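The values are calculated or read from the model by the stated rules, or taken from the named source; none is laboratory data. Just so you know, these numbers come straight off a predicted model, no measurement behind them. Here the Cβ positions follow ideal geometry from the backbone for every residue, glycine too, while neighbour counts run over all protein chains shown. Accessible surface areas use protein heavy atoms only, side chains included; no ligands, DNA or RNA. Shrake-Rupley method; radii C 1.70, N 1.55, O 1.52, S 1.80 Å.
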Amino acid sequence: AFAVSVVSEGAEDETELPVLQKSEKSRTISKIGRELKGIVFVIQSQSNSFHSKRAEDLKRDILKQAVDLGKELPTVLLIHQIDRHEGAWTILPLMRDFSVTYGRNSSWIFFCEEDTRIQVVKLLETLRRFDKSKEWFLGKALYDEESTIIHHYAFAENPTVFKFPDFAAGWALSIPLVNKLAKKLKSEPLKSDFTIDLKHEIALYIWQKGEGPHLTPVPEFCTDDVNSHQVDHCATTFSNFLPLCGEPVNKEDVFVAVKTCRKFHGDRIPVVKQTWEREAALIEYYSDYADISIPTIDLGIPNTDRGHCGKTFAILERFWNHTSLRTPWLVVVDDDTLISIFRLRKLLSCYDPNEPVFLGERYGYGLGTGGYSYITGGGGMVFSRTAVQKLLASKCRCYSMDAPDDMVLGMCFSGLGIPITHSPLFHQARPMDYPKDYLSHQIPVSFHKHWNIDPVKVYFTWLAPNTEESRNGKKVGYNREDL
């Protein structure tokens, strides 16, 4: 790939051929080495043992490719090791550090997820097309087909006009743009509010209401599976499968707690019973009213219109005190959560229940100013028994019965120094609230809410295990209608 092709017509040229090849190859490798050293790779890693190993494997792969290309090595950073910031995963709080450390001697910051796979030579070829002295925001473009609550109904008149990056494919910022963002953050600190969909919020911040760059779509940034025949042009690919680390955990190892209340017994609970209840060996419904026909358990906690902190902590206490010590996992869901317990059991095979695991979809609050991360409740919250033990032993509790349970749990675990564990397979909203291209490289575990959808249809289209999936665990093609 690096040698110059030379055609020799006479024997007298043959002695010079190796010298020419060696000289050209050496110059090419030297150029590639300089370009490679100018890239800072940032992997969206997590401290949980399963995730940190995957990130370390990716780091090793990047560095091995670099060694094969020459002596110059790029910088590879793991987000979870940048522990000066609780909100390091939200990227923007790191811009000033990136600017100070790499602003003079680097060209690009390239961000990726632990399951992104990178062809380093193709990545260099791709970045070479863009003038590194200018402000660039590069990625695989996603867009909303209709305005959605998770993006605060942004661009309601035509949401397709605003593009944001699919992190799974990798995305890049040129150093001049990093320096500009760092300067802006110094004069205008981040607001202390919510981080709900990071990829959309970063794109909005960079865009600066039209004053900053739009995302430039890069076709070489891909989310096709590495084994697909369509990836020859790709600099990046994505391992788009549901993780499975040995046998799925046993049905009896997962206890499912459903939060409900009397006014939803008649419409939401029947949906659970028509869909995913049959997948759960251990399941209880917790309400403000004991209804023997379901049956529900009255925990003695009155229903509240807002948060449900009191009810959730009562569920945690009950799990700890009344379930078998051999039940390692607790899942807490809302009565309008649609979840695949079958897939969750596969996913949990990758986690050690002896670690304090708190798993689900990650949100953030006030992370620019020392806030905390939390698992948003609607998509489902998964606790290892060890996490429940440490939480209850800490005496951290609700500041009011109607406090938001998921946020209080985030505060508690943050105070304990126990990081939450994010999985993009849990979803706080409905399938129609996410770009189709984003969902196309997922095997989802959950969705949430029954607004303007047929929830039974959503379950059987997106989440129900079918015969082939049940048999061999492979991803299969779903007939995913517009829901």
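Structure summary
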quantity: Pairs where the first residue, in region 130-154, is closer than 19 Å to H448 by Cα and without any contact (Cβ under 8 Å) to a residue 24 or more places away in the chain and the second is of a type outside the set (F, W, Y) and in a loop (DSSP other than H, G, I, E, B), C-beta under 6 Å, 6+ apart; calculated: S147/A156; Y153/S147
quantity: Pairs, first under 13 Å from E247 (Cα atoms) in region 345-356, second among the β-branched types (V, I, T) and surrounded by 21 or more Cβ atoms within 10 Å (Cβ to Cβ), C-beta under 8 Å, six or more apart; calculated: R345/V254; L347/V445; L348/V254; L348/V382; Y351/V357; Y351/T421
quantity: Selection count, region 109-143, where residues are within 24 Å of the chain's Cα centre (by Cα) and open to solvent by less than 10 Å² (accessible area, probe 1.4 Å); calculated: 12
quantity: Criterion (free of Cβ contacts under 8 Å to residues at least 40 places away in the same chain and not basic (K, R)) met by exactly one of I109, I79, I118; calculated: I79
quantity: Among residues of region 34-65, those that are in a helix (DSSP H, G or I) and either at pLDDT 95 or above or out of contact with any helix residue (DSSP H, G or I) (no Cβ under 7 Å at 6 or more places or on another chain) (or both), counted; calculated: 19
quantity: Test: residue in region 208-231 that is of a type in the set (F, W, Y), outside the structural domain of Q119 (by the TED database) and either open to solvent by less than 50 Å² (accessible area, probe 1.4 Å) or touching a Cys at 6+ places or on another chain (Cβ under 7 Å) (or both); calculated: no
quantity: Positions within region 352-362 being buried (at least 23 other Cβ atoms within 10 Å of the Cβ) and either among the aromatic types (F, W, Y) or more than 19 Å from W89 (Cβ to Cβ) (or both), in sequence order; calculated: F358
quantity: Matching residues in region 411-424 - criterion: being within 16 Å of V331 (Cα to Cα) and either assigned to a loop (DSSP other than H, G, I, E, B) or open to solvent by less than 10 Å² (accessible area, probe 1.4 Å) (or both); calculated: I420, T421, S423
quantity: Filter result for V272 (crowded, with 21+ Cβ neighbours inside 10 Å, in contact with a Phe, Trp or Tyr (Cβ under 7 Å, 6 or more places away or on another chain) and closer than 29 Å to L325 by Cβ); calculated: no
quantity: Region 246-264, residues that are over 25 Å from the mean Cα position of the chain (by Cα), of a type in the set (F, W, Y) and not in a helix (DSSP H, G or I); calculated: none
quantity: Residue check for T376: touching an Asp or Glu at 6+ places or on another chain (Cβ under 9 Å) and assigned by the TED database to the domain that holds A280; calculated: yes
quantity: Residue tally, condition open to solvent by 40 Å² or more (accessible area, probe 1.4 Å) and not acidic (D, E), over region 401-410; calculated: 1
quantity: Breaking point among (1) open to solvent by 20 Å² or more (accessible area, probe 1.4 Å); (2) within 17 Å of H308 (Cα to Cα), for S394; calculated: (2)
quantity: Unmet requirement for G70, which otherwise passes all of (1) on the phi > 0 side of the Ramachandran plot; (2) of a type in the set (G, A, S); (3) at pLDDT 95 or above; calculated: (3)
quantity: Qualifying residues in region 425-477 (those that are hydroxyl-bearing (S, T, Y) and at pLDDT 90 or above) - the one most open to solvent (accessible area, probe 1.4 Å); calculated: S440
quantity: Filtered residues of region 160-215 (kept if basic (K, R) and farther than 26 Å from D406 by Cβ); calculated: K163, K180, K183, K184, K186, K209
quantity: Residue within region 140-159 that is under 23 Å from T237 (Cβ atoms), of a type outside the set (S, T, N, Q) and in contact with a His (Cβ under 7 Å, 6 or more places away or on another chain) present; calculated: no
